[in-house]
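K.L.:
Handing you this structure, nothing more for now.
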Amino acid sequence: MNSGKILFISHEFPPIGGGAGRNLLILCEELQKRGYRFEIVTQKSNIPVCDYTFKVHYVNGYRRKTFETSFLSMIVFSIKSLLFVFFRTRGFSIVFSNMAIPAGITGALVRIFYNVPHIIWHHGSDVHGGRKHGTSLLQRIILRAVWRYSDVNCFVSEGLRNAASFHIKHAETQILPIGVKPDLQFQFQSKKKSTDREAPTATKSRDRRCGKS
């Protein structure tokens, strides 16, 4: 069993959200099989939550739609998750942000104040913005600030990593795809200590339908 404890931060997690949340669920199921210890902080909605065999903490980000979030709800989630995490960060050896925006904002601040190694898992829209003409100026500013306080940046594909690697020159970049078992090794370098940890890997998960009444 791995002795470290991981804190996952994600603004979406089944039953709400799309691919990023489901990808994290697949990863967590695999980590649990391997004996990793972790907890998740995510956004609460008006949809009944699932019964998981691992600990999930919910903060109210005023999200009302299952597959759509708003800029306001992301801001609220960043603030509330940050306040929640600040009182619970001790005891965690890794903070793992599922997407650079908004989770990476909280993760970066935890990295600054607690010097905890920070991993960001990028899924697509948090890098290119899902816009025809690329990311907005505000998103580019936030991304560069978040990347500055990251230790490892993972991407679901090589193409996505290539799109961001030009701006990430101080931190390690790796591919963490979905549905396979990549042989990865995370190397963490912090001011106080350095740790080598076996990378989390993802495998195919059963088709789970969440939202029990």
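K.L.:
Which pairs turn up if I take residues in region 136-149 that are in contact (Cβ under 8 Å) with a residue 24 or more places away in the chain and look for partners that are part of a helix (DSSP H, G or I) and surrounded by fewer than 18 Cβ atoms within 10 Å (Cβ to Cβ) with beta carbon separation below 8 Å, at least 6 apart in sequence or on another chain?
P.N.:
149/112
K.L.:
Taking the condition of being modelled with pLDDT under 90, farther than 20 Å from residue 75 by Cα and not basic (Lys, Arg), how many residues in region 30-46 meet it?
P.N.:
The number of residues fulfilling the criteria is 5.
K.L.:
Tell me yes or no: at least one residue of region 78-97 is within 22 Å of residue 23 (Cα to Cα), in a loop (DSSP other than H, G, I, E, B) and among the aromatic types (Phe, Trp, Tyr).
P.N.:
yes
K.L.:
Taking residue 41, is it surrounded by 15 or more Cβ atoms within 10 Å (Cβ to Cβ) and either assigned to a helix (DSSP H, G or I) or touching a Lys or Arg at 6+ places or on another chain (Cβ under 9 Å) (or both)?
P.N.:
Details: surrounded by 15 or more Cβ atoms within 10 Å (Cβ to Cβ): yes; either assigned to a helix (DSSP H, G or I) or touching a Lys or Arg at 6+ places or on another chain (Cβ under 9 Å) (or both): yes.
Against the criterion (surrounded by 15 or more Cβ atoms within 10 Å (Cβ to Cβ) and either assigned to a helix (DSSP H, G or I) or touching a Lys or Arg at 6+ places or on another chain (Cβ under 9 Å) (or both)), residue 41 qualifies.
K.L.:
Just to be sure before I move on: is residue 104 over 13 Å from residue 44 (Cβ atoms) and in contact with a Ser or Thr (Cβ under 6 Å, 6 or more places away or on another chain) in the structure I sent? Talk me through it step by step, then tell me what you get.
P.N.:
Details: over 13 Å from residue 44 (Cβ atoms): yes; in contact with a Ser or Thr (Cβ under 6 Å, 6 or more places away or on another chain): yes.
So residue 104 fits the description; yes.
Conditions tested, residue by residue: (1) closer than 23 Å to residue 146 by Cβ; (2) not acidic (Asp, Glu).
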{"position": "13", "(1), (2)": "yes, yes"}
{"position": "19", "(1), (2)": "yes, yes"}
{"position": "32", "(1), (2)": "no, yes"}
{"position": "36", "(1), (2)": "no, yes"}
{"position": "39", "(1), (2)": "yes, no"}
{"position": "53", "(1), (2)": "no, yes"}
{"position": "84", "(1), (2)": "yes, yes"}
{"position": "90", "(1), (2)": "yes, yes"}
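K.L.:
Just a yes or no: is a residue in region 50-62 of a type in the set (Val, Ile, Thr), free of Cβ contacts under 8 Å to residues at least 40 places away in the same chain and under 19 Å from residue 123 (Cα atoms)?
P.N.:
We begin by selecting, within region 50-62, every residue of a type in the set (Val, Ile, Thr); these are 53, 56, 59.
Now narrow it down to the ones that are free of Cβ contacts under 8 Å to residues at least 40 places away in the same chain: 53, 59.
Subsequent filtering for residues that are under 19 Å from residue 123 (Cα atoms) retains none.
No, because not a single residue in region 50-62 is of a type in the set (Val, Ile, Thr), free of Cβ contacts under 8 Å to residues at least 40 places away in the same chain and under 19 Å from residue 123 (Cα atoms).
K.L.:
Now for a separate question. State the number of residues belonging to region 4-15 that are of a type outside the set (Ser, Thr, Tyr), assigned to a loop (DSSP other than H, G, I, E, B) and either crowded, with 24+ Cβ neighbours inside 10 Å or modelled with pLDDT of 90 or more (or both). Can you show your working first?
P.N.:
If we filter region 4-15 for residues that are of a type outside the set (Ser, Thr, Tyr), which is where we start, we get 4-9, 11-15.
Then drop every residue that is not assigned to a loop (DSSP other than H, G, I, E, B), which leaves 4, 11-15.
From the residues that got through so far, the ones that are either crowded, with 24+ Cβ neighbours inside 10 Å or modelled with pLDDT of 90 or more (or both) too are 11-14.
Looking only at that region, the number is 4.
K.L.:
Confirm whether residue 69 is closer than 22 Å to residue 127 by Cα and β-branched (Val, Ile, Thr).
P.N.:
Values: closer than 22 Å to residue 127 by Cα: yes; β-branched (Val, Ile, Thr): yes.
Here the answer is yes, as residue 69 does meet what is asked.
K.L.:
Checking the conditions here, which among 74, 99 is farther than 22 Å from residue 117 by Cα, hydrophobic (A, V, I, L, M, F, W, C), in contact (Cβ under 8 Å) with a residue 60 or more places away in the chain and crowded, with 16+ Cβ neighbours inside 10 Å? Even if it seems obvious, please write down each step before you answer.
P.N.:
Details: 99 fails: farther than 22 Å from residue 117 by Cα.
Just a single option satisfies the conditions, and that option is 74.
K.L.:
Also, quick follow-up: On the given criteria, is residue 120 touching a helix residue (DSSP H, G or I) at 6+ places or on another chain (Cβ under 7 Å), buried (at least 21 other Cβ atoms within 10 Å of the Cβ), without any contact (Cβ under 8 Å) to a residue 60 or more places away in the chain and closer than 23 Å to residue 15 by Cβ?
P.N.:
Numbers: touching a helix residue (DSSP H, G or I) at 6+ places or on another chain (Cβ under 7 Å): yes; buried (at least 21 other Cβ atoms within 10 Å of the Cβ): yes; without any contact (Cβ under 8 Å) to a residue 60 or more places away in the chain: yes; closer than 23 Å to residue 15 by Cβ: no.
It is false that residue 120 is touching a helix residue (DSSP H, G or I) at 6+ places or on another chain (Cβ under 7 Å), buried (at least 21 other Cβ atoms within 10 Å of the Cβ), without any contact (Cβ under 8 Å) to a residue 60 or more places away in the chain and closer than 23 Å to residue 15 by Cβ.
K.L.:
What number of residues in region 147-162 are assigned to a loop (DSSP other than H, G, I, E, B) and acidic (Asp, Glu)? Break it down into steps so the answer makes sense when it comes.
P.N.:
To start, the set of residues in region 147-162 that are assigned to a loop (DSSP other than H, G, I, E, B) comprises 149-151, 156-157.
This time we only want the ones that are acidic (Asp, Glu), so: 151.
Of the residues in that region, 1 qualify.
K.L.:
Determine whether residue 33 is among the basic types (Lys, Arg), crowded, with 18+ Cβ neighbours inside 10 Å and without any contact (Cβ under 8 Å) to a residue 60 or more places away in the chain. Even if it seems obvious, please write down each step before you answer.
P.N.:
On the way: among the basic types (Lys, Arg): yes; crowded, with 18+ Cβ neighbours inside 10 Å: no; without any contact (Cβ under 8 Å) to a residue 60 or more places away in the chain: yes.
Taking the combined requirement at face value, the residue does not satisfy it.
K.L.:
Only one residue in 88, 111 is farther than 17 Å from residue 12 by Cα and modelled with pLDDT of 90 or more. Which one? Break it down stepwise before answering.
P.N.:
Details: 88 fails: modelled with pLDDT of 90 or more.
After applying the criteria, what remains is 111.
The values are calculated or read from the model by the stated rules, or taken from the named source; none is laboratory data. Bear in mind that the values here come from a model prediction, so they are computed numbers and not experimental data. Quick reminder, even Gly has a Cβ in these numbers, built from the backbone with ideal geometry, and neighbours come from all protein chains shown.
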